[in-house]
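All remarks here apply to the structure that follows.
The values are calculated or read from the model by the stated rules, or taken from the named source; none is laboratory data. Because the structure is predicted, anything quoted here is derived from the model rather than measured. Note that each Cβ is placed from the backbone with ideal geometry, even for glycine, and that neighbours are counted across all protein chains shown. Protein only, heavy atoms only, side chains kept; ligands, DNA and RNA dropped before computing areas. Shrake-Rupley method; radii C 1.70, N 1.55, O 1.52, S 1.80 Å.
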Amino acid sequence: MSAPPASPLKIGVDVPWVTAWSEELMTGFGPCPSVDGAIAVAQIDKPGVGKPQYARNHVFRQRKSVREMLCPMCGKPTANGDRWSQTGHWTTAGEVRARNMGVWLPGDFPDRRPLFDAGGIAPLHRACAERSLALCPFLHDLPDQELKAFPDAWIIATLAVEARQRPGIANVPKAPIVAISFLQLIGVPDYAG
Ligand SMILES: [Zn+2]
């Protein structure tokens, strides 16, 4: 079987940098530098080969984009004052706690404190956000087309999956372990109380 040819689509222009490609298969789990060596889900790294899977993010690039504030479109760092989100929304500490994500919030955040839920999508450069909006049918169909400025401070939460290990000697099952899949991002604006 010959390898699929490199795609003519250009990453960062036609296809977001964070998007997974069809040749990027999941390979299991192991220590990952994107989360300081914690156990995380692993995936082959072959961006640009095969077909882009627009509805799916590559696990390693997704975690790296959130940890290092890399723009999901171009993969380059974003800076304070140029971080924009179209898919995120304003929420409160109380709503985050109600969704059982409160473990990630400092206990002294009052429930009414506003927070910005970016989900699993790190903020983009303004220019990249505008280009995505022009190109992506999913974004174009969202009722909320407003680009929201992402706060200059944030909290990172982890989503994890239970990963089954292969049976060891004598087929004795090993205990399942927990592996980080994607990271979630919560923006924290200044709050006067
Ligand atoms: Zn960008």
Longest DSSP-loop-exposure-free segment, trypsin sites (Lys or Arg not before Pro), the chain, at most 15 other Cβ within 10 Å: 11-98
Within the accessible area of the chain (1.4 Å probe), percent carbon and sulfur: 59
Most positive-pole-ward Cα, 70, 115, 19, against dipole of the chain from beta carbon charges: 19
Structure-based [θ]222 nm, the chain - -39500 (n - 2.57) summed over DSSP H runs of at least 4, per residue, nearest 500: -4000 deg cm²/dmol
Listed residues 40, 147, 104: farthest to the positive end of the dipole of the stretch 19-187 (Cβ charges): 40
Listed residues 133, 180, 87: farthest to the positive end of the dipole of the chain (Cβ charges): 180
Overall form of the chain per C-alpha gyration tensor (a/c, 1.5; a/b vs b/c): oblate
Average accessible surface area per residue within the stretch 1-158, 1.4 Å rolling probe, Å²: 53
Computed over the chain: relative contact order in percent, which uses C-alpha pairs under 8 Å that are six or more apart: 22
Given charges at beta-carbon only (K, R positive; D, E negative), |dipole| of the stretch 19-187 in Debye: 420
DSSP beta bridges in the chain [antiparallel fraction, %, rounded to 5]: 95
Proximal lysine pairs, the chain, alpha carbons under 30 Å, eight or more residues apart or interchain: 13
